[in-house]
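Participant: Pasting a structure below so you can have a look.
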């Protein structure tokens, strides 16, 4: 459906491109890629990209669901795989000194069904974690799983799935156990980590060592609490429904005091990497976590950064404003990644839909220009044509137009989902 944001031909192009990308990411049973062993899980796995990342990442999968191109059967399969790979009731101690807490959700699952809890490796063995990856596993997956179950429940109304036992434990109990794994402040309910006891804030900044209260993971916890409240309401557990709704509301009310700034941008963290967070701010707006003057300042900041070119390039979005880099050699305070590469200054398509959604609330014409730039890049780089750069890319940078992993699923699935939400 054409709107003032995008015409029907360009919307059709994005839908068809996303359809083909999602298909390219499917790894069916018995098949493989990149010389790896075949998928022996008995299920169709979803890699994060059609041209790399040969494993199933729950985070990417969950963000892609609202594009409407993944079936309910596929979602149930991936949920069952995730719960089967969930850590059991004992702590797992690793050679690196890191540990996997009880009931931790894996970061990614390999084609041989091995569970990997830390970023930066395809090993499911004891050599995971530690160093730059932290002593705790990825924090966010414990909340993404509730969102994926919520999507499945909304589509099917299959209340029986919530009480179905996987490895002798009901899904609803697995969700609760996972929810309470990451460390949090009991007063504000925000995710909080120290330098010595931290995990990754969330997967798209897994090379950035943040400490203190963490914005993005707290937003994911807020969303997961809301979903758990819905599940318990459906199960007639009104006491627990009220408990989880209270957690969600406490997080929402705590965000302005912890992360708000006069600039309108929210901070990524309150300790190390206490910097304006472009992705976190537009995601907070997307999840309706801001209200009143805080929301209005955030929207104005998003529009101003688009107009002055400090947040976006060709419809893709940087984590940190170009005007706010921590130093002349790094966008973030602490990361081993080279400046203007990957999560340390690259431009990504995954948050483009969230950025568009914010622009549409304050200046529809600016939103239309932004999504037009995004579609133009996809048309120019379309991986389906020979000799192109393989768009949708995971990220890129205008300095020589450096590119990275091609055929990246969330770079199109998330923006398409946002357009659907906007009525396109």
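Bear in mind these aren't lab numbers, they're just calculated from the coordinates by the rules spelled out. All of these numbers come straight from a predicted model, not from anything done at the bench. Because the Cβ atoms are built from the backbone with ideal geometry, glycine has one as well, and the counts that use them run over all protein chains shown.
Participant: Once R0 is set to 35 Å, what does the formula 1/(1 + (r/R0)^6) return for the Cβ-Cβ distance between residue 296 and residue 84, expressed as a FRET efficiency to the nearest 0.05?
Facilitator: According to the calculation, E is roughly 0.15.
Participant: Sticking with this one: If packing is taken as the average number of other Cβ atoms within 10 Å across a peptide's residues, how do 354-360, 253-259, 160-166, 139-145 rank, most packed first?
Facilitator: 139-145, 354-360, 253-259, 160-166
Participant: Residue 385 to residue 72: extension gain in nm, 0.36 nm per residue of separation minus the Cα-Cα distance?
Facilitator: That works out to 109.6 nm of additional length.
Participant: Now a separate question. Sequence gap at least 6, Cα distance under 8 Å: using those rules, report the relative contact order of the chain to the nearest whole percent.
Facilitator: Rounded, it is 15 percent for the chain.
Participant: Can you bin the range 92-228 into rounded, prolate or oblate? Criterion: square roots of the alpha carbon gyration tensor eigenvalues sorted a ≥ b ≥ c, rounded for a/c under 1.5, prolate for a/b above b/c, oblate for the rest.
Facilitator: Verdict is oblate for the range 92-228.
Participant: Consider the candidate values (i) 227; (ii) 135; (iii) 166; state which one is volume of the Cα convex hull per residue in Å³ computed from the structure displayed.
Facilitator: (ii)
Participant: Could you work out the relative contact order of the range 275-369? I mean the mean sequence separation of Cα pairs under 8 Å and 6+ apart, divided by the number of residues, in percent.
Facilitator: Reported relative contact order: 33 percent.
Participant: Let me ask something additional. If packing is taken as the mean number of other Cβ atoms within 10 Å per residue, what is the order of 333-339, 366-372, 209-215, highest first?
Facilitator: By packing density, highest mean first, the sequence is 209-215, 366-372, 333-339.
Participant: Using a simple spin-label model with points 7 Å from Cα along the Cα→Cβ vector, what separation in nm is obtained for residue 121 and residue 307?
Facilitator: Computed distance between label sites residue 121 and residue 307 equals 4.9 nm.
Participant: Same structure again: Quick check: the distance between the Cα centres of the range 324-369 and the range 21-90, to the nearest angstrom?
Facilitator: With the range 324-369 and the range 21-90 each reduced to a Cα centre, they are spaced 27 Å.
Participant: In nm, what is the difference between 0.36 nm times the number of residues separating residue 402 and residue 196 and their Cα-Cα distance?
Facilitator: Extra length from residue 402 to residue 196 when fully extended: 70.7 nm.
Participant: On a full-extension model of 0.36 nm per residue, what is the gain between residue 249 and residue 185, subtracting their alpha-carbon distance, rounded to one decimal in nm?
Facilitator: Between residue 249 and residue 185, full extension yields an extra 21.6 nm.
Participant: Next question. Relative contact order, percent, of the range 308-424 when contacts are C-alpha pairs under 8 Å separated by at least 6 residues?
Facilitator: That works out to 25 percent.
Participant: Neighbouring Cβ atoms within 10 Å as the yardstick, rank 152, 117, 122 fewest first.
Facilitator: Ascending Cβ contact count within 10 Å gives the list 122, 152, 117.
Participant: Here's another thing I want to ask about it. Rank by packing, highest mean first: peptides 196-205, 276-285, with packing defined as the count of other Cβ atoms within 10 Å averaged across residues.
Facilitator: Ranked by mean Cβ neighbours within 10 Å, highest first: 276-285, 196-205.
Participant: Let me ask something else about it. Starting from one equal scatterer on each C-alpha and no solvent at all, send me the Debye-based log10 I(q)/I(0) for the range 57-107 at q = 0.13, 0.30 Å⁻¹, two decimals.
Facilitator: -0.41, -1.13
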